[in-house]
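In what follows, a single structure is set out as structure tokens and then discussed.
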Protein chains: 2
Amino acid sequence: MRTSIATVCLSGGLVEKLHACAEAGFDGVEIMDADLVAAFESPEEIRALCARLGLSIDMYQPLRDVEGVDELAFADNLRRAEAKFDVMERLGTDLMLLCSNAGTATVDDESVAARQLGELADRAARRGIRIAYEALAWGRYVNDYRDAWRLVQRADRPNLGVCLDSFHVLSRGHDPSGIEKMDPAKLFFLQLADAPELQLDLLSWSRHHRLFPGEGEFDLVGFLGHTIRAGYTGPLSLEVFNDTFRQTDVNRTAQHALRSLNWLSDRTAAENGWTTDRLDASQDPTGVDFVEIAGEDLSAIEQQLDQLGFAFAGRHRSKAVRLWRAGDARIIVNEQTPRPGARLRGLGLLVGDAEAAARRGQGIGAPSVFRRTSAGEQHLSAVAAPDGIEVYWADAAISRSWQGEFDGGYPAVERASDRPEGDGLRGRIDHINIATPWQHYDEAVLFNTSVLGLDPEAVTELPGPRGLVRSQVMRTADGAVRLAMNLVPPTAPLPARHIAVRVDDALSVARHARARGLRLLPIPSNYYDDLEARFGLDPDFLSELADLGVLYDRDATGAFIHFYAPTIDGVFFEIVQRIDGYDGYGASNAPVRLAAQPLTAAPQG
Amino acid sequence: MRTSIATVCLSGGLVEKLHACAEAGFDGVEIMDADLVAAFESPEEIRALCARLGLSIDMYQPLRDVEGVDELAFADNLRRAEAKFDVMERLGTDLMLLCSNAGTATVDDESVAARQLGELADRAARRGIRIAYEALAWGRYVNDYRDAWRLVQRADRPNLGVCLDSFHVLSRGHDPSGIEKMDPAKLFFLQLADAPELQLDLLSWSRHHRLFPGEGEFDLVGFLGHTIRAGYTGPLSLEVFNDTFRQTDVNRTAQHALRSLNWLSDRTAAENGWTTDRLDASQDPTGVDFVEIAGEDLSAIEQQLDQLGFAFAGRHRSKAVRLWRAGDARIIVNEQTPRPGARLRGLGLLVGDAEAAARRGQGIGAPSVFRRTSAGEQHLSAVAAPDGIEVYWADAAISRSWQGEFDGGYPAVERASDRPEGDGLRGRIDHINIATPWQHYDEAVLFNTSVLGLDPEAVTELPGPRGLVRSQVMRTADGAVRLAMNLVPPTAPLPARHIAVRVDDALSVARHARARGLRLLPIPSNYYDDLEARFGLDPDFLSELADLGVLYDRDATGAFIHFYAPTIDGVFFEIVQRIDGYDGYGASNAPVRLAAQPLTAAPQG
């Protein structure tokens, strides 16, 4: 279906916005009255610019507070409408959004409102203009799409129809299935916005917290399904007011917006078994293939991996890249960069069909990544995540193939016994914690669901020394892949990211790491007093935790034993052990960890 | 009364927080369990540090989820409590905050809860510890301070009392007058927090949006009055969770916090006619004495003042300072600084008793300002506002006296006719618009109410090209003094501040300014089309507005004609004319103005 976006979603001036929409690949735009009023370019110039950019002007919006008023006020409202019809003629667009009266309505009588809507439509008809009437969620008398629809039927003019906005329907909890009973010829326009579930007044919720489809908690797939089954064939348009998007880069927001529509079209088509608008199927990941750390000199990382019990598994045959392994946990150490400072650079996921996963990522609009490959080497498909991390896909054969490019390491199987201590580490990547700057957070949620096939867990807020840290884990249902996202506010430096490796016996790993000279992140003794207060632990166990600097958590399902290695530039490692059904991340220990770690900006990119 | 603050209000580590509390001048602190747990210092070290800093540890908090549970769970809760009593003995504090059970309560039976509270109190009594029981607004069975009070009476232990928290009482809309019926011997502790009126779930409202007293919409003066009349004599303690304070400088937040308590004590004493805790009376300002602009070379400012019709009113006899005047609007142009860039530096207010106003400002805790004065010159009392602007006070005699220090200007009275055009400007300062960085915004609200004697108008949100701008005018009832505050988000550069001068005929001023070579801020012609659509103005009038670049607004009470001069570094001038009862600021024109002005960071300080 055609894609469109309201200019109010984006930051900057109107001309800047239009360029960004075209560059991102939108088919059309809704031009916001206020954006035009503040622009120095005449309507004729905007029309010509849109024509050159290949953007249709799908709607001009909004006209407000017209119907449900006394006759004197209505006469002035018609005069006001005619002046805006003039502007529309100059812009060369024929569809006007009319919002239900939220400000000046005084006559609570549907016959009056219907007659006034009809009269407005007749005025518009003389100019060849159509009116799309929308029930605002906070409209005075009309605030339900079914009421707007009834008024449109009653007024019964060919150029009067409805505009549906998912926010206004779903925020009020109205059942969208009634859309299917509407006459498709009267479905003039469709605006889409997602939102988090909030207990907040409708106006503030709408003005500050709308999100692009796929980032909130509204069932937009269901909503769009109803609308398409009703016979709607117009553009899918985004109308998202959000404090973040309006403060951030206009081009990036426009691309992000289009990806959300691509995802929504595909998802809706998939759920309904339609063949149009389909992308390659989402490839649910079955595990983490590797994690890649990049930096000019990563010997400190390698020393720590060695201390933690990882085995050196070989150097790459053609690149300054080395592989470390602990059972199924593979860490790639990439020194092919002149930039100092260790940082998380890439992430490999195991899937059934790696090429399809990459095509899906690109189909949704994620930028693809180029990686130098010599002849005979395994090609890996990848896209860049919004936080700059490269995501690669491999099936089991591809994974074996790229691992075969590393020579001179210890064989994987014998690793467990090839060190004097006999403590070879058998592990797997448990989760990866990615600190995401506030302005890319929602985009990252969308990427993780739509491209990586992960689902969000509930948001938690962790108290740190500089305020609450918003944290959300996105994961597969079985927990084989978990990405923990922490939102970094604009005032905070971007912290280090971390890689958590799951083992069978974290205390043993800690003991041996210490024996190999690793000093764990120091933990205050007050923490162990508190642990004793909370859980009444066995004294020997508690004293070993305290001695080593290992943390502990417990809930109704099981227990969690974990510790942190010191941060190296922009990366640190966590070793975790899950006991019984424990499925969390030791959130109650986060304040202690946050207070103990240095607060410095991590190198990125 | 004694002042105290919960360590959770502040950012950073516990030691850092304690230093900041002492430095600001608090008498005591409530130590938050989580702050101690994350600290490397032992309870004994914290006790010794508090002793050295002269801070009493007024309370240890919180113990949660103890009462209203089955006997097995209760036994474990007692064990948990004993472990925290150990910590309290090491800290040397004897008061424990117990929050009503919000998490684990399963037994909805007051007799069980009262018995368990009694048993906990008996355990505490053996250690000489008292328990202050607080009804959380979201407690499972106990969420009303009157219920907590009933349980405390029922348990009837000498060391069991209540803790009152204004947020938990006022957020639920509970009537605080019942506090006066409580036994003063059982009022163990008082926590104070303000908050904006929000439709939001209680927990999010409490965790993210609490404010210091005087910054929100709760009636804390009434609340504190009830508590003191009930016989409470303990400390006034602040417990304010707020995303902003926890991200900002700990010393500054602590000082700000103490100022809010000073204001609240004074205000409560004043309303009740008490003589303790009184500061000098607030001096309601009757007008703006002057506005001061500073910078290395301000000839561009002087040129613009001249073009706008201001008269040069003399140079200061001992300083590189010049005075410009238009009727009652006085602008001081101060070149005694080596820093380039014009910026708003100071503001003079006319009051009945200038010395009392300054003493009040200092009594509340605003930093005083030093200004060089030679012998025989008028001394002006001043304090620094949170945004760095210096605020001076003068009565009519002082104002005349400092004006007398300027020589060589045009006499004020003859100004109107001493230019060939005969258009001498008679004006007054209408309002001053101060862009306030987000982290100082609430502090600035408190300063404006408590020190300057201004009251807040409702908050508005102005759509600008980079998002909504939160704007709030603080003013005297008669409008003689109006400060418009715009919140600057962390991602935006600090914009220029502006001085609005009210005149009788703004069009005439615009005409003459243009004749003298001033080019007004250019306004898009689309704006005038929209003006026509909105108001249907007289064509000649509209065309003169458009020709000059003058803006217009109208509401039910009157009309507003205004225009902007181009920004000079960090300052710009607005000329406004108010017709009939118009009392606004042309908010609907703000998007056009914001889009037309360059978005550059202004020099400050």
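Between B:GLU197 and B:GLN303, what FRET efficiency comes out of the Förster formula 1/(1 + (r/R0)^6) with R0 = 41 Å and r the beta carbon distance, rounded to 0.05?
About 0.30, to the nearest 0.05.
Given R₀ = 30 Å, FRET efficiency for B:ASP455-A:THR460 by Cβ-Cβ distance, to 0.05? Let's see the in-between values first.
Working: r = 40 Å, r/R0 = 1.32.
After rounding to 0.05, the efficiency reads 0.15.
Taking the Cβ of B:ASP122 as the center, what net charge do the other residues with Cβ under 13 Å away carry, scoring Lys and Arg +1 and Asp and Glu -1?
Once positives and negatives cancel, what remains is +3.
Once the piece of chain linking A:SER318 and A:ASP86 is laid out straight, how much longer is it, given 0.36 nm per residue of separation minus the C-alpha distance between them?
76.8 nm
Taking θ = phi - 60°, what integer Hz values does the Karplus form 6.51 cos²θ - 1.76 cosθ + 1.60 yield along segment B:199-209, in sequence order, with x for Gly and Pro?
Residue by residue, segment B:199-209 yields 8, 8, 4, 4, 5, 5, 4, 5, 6, 10, 10 Hz.
Report, in debye and to the nearest 20, how large the dipole of the protein assembly as shown comes out about its Cα centre when Lys and Arg carry +1 and Asp and Glu carry -1 on their Cβ. Intermediate results must be reported in sequence, preceding the final value.
Values: 124 positive and 176 negative charges, 436 e Å.
My answer is approximately 2100 debye.
Return the residues of segment A:226-246 for which accessible area with all protein chains present is lower than in the chain on its own by 50 Å² or more; set the probe to 1.4 Å and exclude ligands, DNA and RNA.
A:ARG246
Using a 10 Å cut-off around each Cβ of peptide B:522-528, what is the average number of partner chain Cβ atoms that fall inside?
5
Nearest 5 percent is fine: what portion of the DSSP beta bridges confined to the protein assembly as shown is antiparallel?
Roughly 55 percent of the beta bridges in the protein assembly as shown run antiparallel, per DSSP.
Where in chain A is the longest stretch that carries no trypsin sites (Lys or Arg not before Pro) classed as loop by DSSP and with at most 11 other Cβ atoms within 10 Å? If you can, show how the numbers build up before the last one.
Values: sites that count: A:ARG372, A:ARG519.
Free of exposed loop sites, the longest segment is A:1-371.
Kindly provide the pair-distance distribution of the protein assembly as shown built from C-alpha pairs, with 20 Å bins from 0 and whole-percent values in order of increasing distance.
Values per bin, smallest distances first: 10, 33, 37, 19, 1, 0.
If you fit an axis through the alpha-carbon atoms of helix A:354-364 and take the longest principal axis of the Cα set of chain A, what angle between them do you get, 0 to 90°, nearest 10?
Compared with the principal axis, the helix lies near 30 degrees.
Seen from all sides and averaged, what is the projected area of the convex hull of the Cα atoms in segment A:308-414, in nm²?
On the way: hull surface 30.6 nm².
Directional mean of the projected Cα hull area for segment A:308-414 stands at 7.6 nm².
Once every DSSP H run of n ≥ 4 in chain A is given -39500 (n - 2.57) and the sum is divided by its residues, what mean residue ellipticity at 222 nm do you get, rounded to the nearest 500 deg cm²/dmol?
-10000 deg cm²/dmol
What's the total accessible area buried between chains A and B, using a 1.4 Å probe, rounded to the nearest 100 Å²?
So the total buried area for this chain pair works out to about 3900 Å².
Given H placed 1.01 Å from N in the peptide plane, which residues other than close sequence neighbours of A:ALA311 have an amide H under 5 Å from its amide H?
Under 5 Å from the amide H of A:ALA311: A:ARG325, A:ALA326.
Peptide B:2-12: average number of partner chain Cβ atoms within 10 Å per residue? Don't skip to the end; give the middle numbers.
On the way: counts 0, 0, 0, 0, 0, 0, 1, 0, 1, 4, 4.
Mean shielding by partner chains, rounded to a whole number: 1.
Using the reciprocal of the averaged 1/r over all distinct C-alpha pairs, how large is the Kirkwood radius of segment A:3-272 in Å?
18.6
Calculate how steeply helix B:220-229 sits against the longest principal axis of the alpha-carbon atoms of chain B, using the helix alpha-carbon long axis, and give the answer as 0 to 90 degrees to the nearest 10.
Between helix and principal axis, roughly 40 degrees.
If you place +1 on the Cβ of every Lys and Arg and -1 on the Cβ of every Asp and Glu, how big does the dipole about the Cα centre of segment A:3-272 come out, in debye to the nearest 20?
That gives a dipole near 400 debye.
Could you report segment B:73-222's accessible area per residue, 1.4 Å probe, as an integer in Å²? Working shown, then result.
Details: 5410 Å² over 150 residues.
Result: 36 Å² of accessible area for each residue.
Which whole-angstrom value gives the distance between the alpha carbon centres of segment B:234-296 and segment A:25-46?
Cα centres, segment B:234-296 to segment A:25-46: 46 Å.
Gap in Å between the Cα centre of segment B:163-206 and the Cα centre of segment A:97-125?
Using only Cα atoms, the two centres lie 46 Å from each other.
Which residues belonging to segment A:465-502 lose at least 40 Å² of 1.4 Å-probe accessible area when the assembly is complete, relative to their chain isolated?
Residues passing the criterion (a loss of at least 40 Å², heavy atoms only) are A:PRO465, A:ARG466, A:LEU468, A:THR491.
Which whole-angstrom value gives the distance between the alpha carbon centres of segment B:330-401 and segment A:574-588?
59
How far, in nm, would the chain grow between A:THR104 and A:SER56 when pulled straight, counting 0.36 nm per residue and subtracting the alpha carbon separation?
14.0 nm
With a 1.4 Å probe and all protein chains left in place, how much accessible area per residue does segment A:427-596 have, in Å²?
Spelled out: the 1.4 Å probe surface of segment A:427-596, per residue, equals 33 Å².
B:LEU454's amide H: which non-local residues (gap 5+, or another chain) put their own amide H closer than 5 Å, with H modeled 1.01 Å from N in plane and none for Pro or chain starts?
Result for B:LEU454 returns B:THR449.
Taking the Cα atoms of segment A:427-596 alone, what are Rg (to one decimal) and Dmax (as a whole number) in Å?
So, for segment A:427-596, Rg and Dmax equal 16.0, 48 Å respectively.
Treating the angle as unsigned and between 0 and 90°, give the value, to the nearest 10°, between the Cα long axis of helix A:110-126 and the longest Cα principal axis of chain A.
80
Please give me the summed charge of the neighbours of A:GLN153: other residues whose Cβ is under 13 Å from its Cβ, Lys and Arg +1, Asp and Glu -1.
Here the charged neighbours net out to +2.
Mind listing, in residue-number order, the residues in segment B:18-52 that have at least 50 Å² less accessible area with every protein chain present than in their own chain alone (1.4 Å probe)?
B:VAL37, B:ALA38, B:PHE40
Using a basic spin-label model with each label point 7 Å from the Cα along Cα→Cβ, how many nm lie between B:ALA515 and B:LYS181?
Placing both labels 7 Å beyond Cα along the Cβ direction yields 7.5 nm.
What figure in square angstrom, to the nearest 10, would you give for the accessible area of A:HIS512 with a 1.4 Å probe?
Around 50 Å² of this residue is reachable by solvent.
Treating only the Cβ of Lys, Arg, Asp and Glu as charged (+1, +1, -1, -1), what charge dipole size does segment A:287-416 show about its Cα centre? Round to the nearest 20 debye.
180
Spin-label point model (7 Å from Cα, Cβ direction): what's the A:TYR410 to B:THR373 distance in nm?
It works out to 8.0 nm between the two label points.
Looking at segment A:3-272 only, what percent of DSSP beta bridges run antiparallel? Nearest 5 please.
Restricted to segment A:3-272, the bridges split so that about 5 percent are antiparallel.
Within a Cβ distance under 13 Å of A:ASP175, other residues only, what is the Lys/Arg minus Asp/Glu net charge?
0
For the full complex of protein chains and a 1.4 angstrom probe, list A:LEU344, A:LEU494 by accessible area with the highest value first.
Putting A:LEU344, A:LEU494 in descending order of accessible area: A:LEU494, A:LEU344.
Report the residue of chain B with the smallest Cβ-to-axis distance, using the rotation axis that brings B onto A, in whole Å.
B:PRO490, 2
Counting DSSP beta bridges with both partners in segment B:291-417, what percentage is antiparallel, nearest 5?
70
Which FRET efficiency value, to the nearest 0.05, do you get for A:ASP249 and A:GLN336 by plugging their Cβ-Cβ distance into 1/(1 + (r/R0)^6) with R0 = 41 Å?
0.90
Evaluate Rg over Rh across segment B:322-385, taking Cα atoms for both radii and Kirkwood's formula for Rh.
0.98
When you have a sec, figure out the Kirkwood radius of chain A from all distinct Cα pair distances and drop it here in Å to one decimal?
26.8
I'd like the Karplus ³J(HN,Hα) series for segment B:181-194: coefficients 6.51, -1.76, 1.60, θ = phi - 60°, whole numbers in Hz, and an x wherever there's a Gly or Pro.
Each residue of segment B:181-194 in turn: 7, 7, 6, x, 5, 9, 8, 6, 7, 10, 10, 10, 8, 9 Hz.
Given a 1.4 angstrom probe, I'd like the percentage of the accessible area of the protein assembly as shown that is carbon and sulfur, rounded to a whole number.
Values: 21390 of 44170 Å².
C and S fraction of accessible area: 48 percent.
Please list, ordered by chain and number, the residues whose modelled amide H lies under 5 Å from the amide H of A:ARG210; skip anything fewer than 5 residues away on the same chain.
Here the answer is A:PHE241, since their amide H atoms fall under 5 Å of that of A:ARG210.
The values are calculated or read from the model by the stated rules, or taken from the named source; none is laboratory data. Keep in mind that this is a model prediction, so the values were computed, not measured. No Cβ is skipped: glycine too gets one built from the backbone with ideal geometry, and neighbour counts run over all protein chains shown. Surface areas here come from the heavy atoms of the whole protein model, side chains and all, with no ligands, DNA or RNA. Shrake-Rupley method; radii C 1.70, N 1.55, O 1.52, S 1.80 Å.
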